[in-house]
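Just below is one structure, and these are the notes that go with it.
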Amino acid sequence: MEVLDKVAAVVRKTFRIPAGTPIDAQTTSADVEGWDSLSHAVLIMNVEEAFGVDLPLDRVYALNTIGDFVKLLRETGAAEETAL
C-alpha cells in the first residue's frame with residue numbers, strides 16, 4: 001500500500017469519511033469537517049499507530065497537508081517499512 005493511501009485511510013477512519021471520498025497530498029484540515037486542533041492530536045496518534053512510529057512532537061503540529069504527513073513519515077523512515 002502506498003504511504004499516501006495508508007495516511008488517507010487513517011484520515012478517513014479518524015474523521016469517519018466515506019470510502020471513495022478524495023483525500024490527496026493537498027488535502028488540509030480546512031477540507032475535512034471536524035478537523036480541529038484536538039482532532040489533529042487524535043489523527044497524529046492514529047497515524048503513529050498505523051505506521052508503528054513516534055513522530056517528532058516539534059514537527060507534528062506544523063503539518064498542514066496530508067502530503068506533509070507523508071513527507072515526515074518518509075523522513076522518519078516509517079514509510080519504507082510500509083512498502084513491504
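Out of (1) assigned to a loop (DSSP other than H, G, I, E, B); (2) open to solvent by less than 30 Å² (accessible area, probe 1.4 Å), the odd one out for residue 39 is which?
(1)
Is it the case that residue 20 is in a loop (DSSP other than H, G, I, E, B) and small (Gly, Ala, Ser)?
Details: in a loop (DSSP other than H, G, I, E, B): yes; small (Gly, Ala, Ser): yes.
For residue 20, the condition - in a loop (DSSP other than H, G, I, E, B) and small (Gly, Ala, Ser) - is met.
Of all residues being of a type in the set (Ser, Thr, Tyr) and either at pLDDT 95 or above or touching a strand residue (DSSP E or B) at 6+ places or on another chain (Cβ under 7 Å) (or both) in segment 1-27, which is farthest from residue 50 (Cα to Cα)? Just the residue, please. Lay out the reasoning, then the answer.
So the first thing to find is which residues in segment 1-27 are of a type in the set (Ser, Thr, Tyr), and the list is 14, 21, 27.
Next, from what is left, pick out any that are either at pLDDT 95 or above or touching a strand residue (DSSP E or B) at 6+ places or on another chain (Cβ under 7 Å) (or both): 14, 27.
Numbers: 14: 12, 27: 19 Å.
Of everything passing the filter in segment 1-27, 27 is farthest from residue 50 (Cα to Cα).
When you scan segment 46-72, how many residues do you find that are under 17 Å from residue 28 (Cα atoms), of a type in the set (A, V, I, L, M) and either touching a residue at least 40 places away in the same chain (Cβ under 8 Å) or open to solvent by less than 60 Å² (accessible area, probe 1.4 Å) (or both)?
Count: 6.
Taking only pairs six or more apart or across chains, which ones have beta-carbon atoms under 6 Å, a first residue in segment 15-37 that is closer than 20 Å to residue 62 by Cβ and of a type outside the set (A, V, I, L, M), and a second residue that is in a helix (DSSP H, G or I) and at pLDDT below 95?
35/29
The values are calculated or read from the model by the stated rules, or taken from the named source; none is laboratory data. Quick caveat, the model's predicted, so the values are computed rather than measured. So basically every Cβ, Gly included, is an ideal-geometry build from the backbone, and we count neighbours across all protein chains shown. Remember, those area values only see protein heavy atoms, side chains included, never the ligands or the DNA or RNA. Shrake-Rupley method; radii C 1.70, N 1.55, O 1.52, S 1.80 Å.
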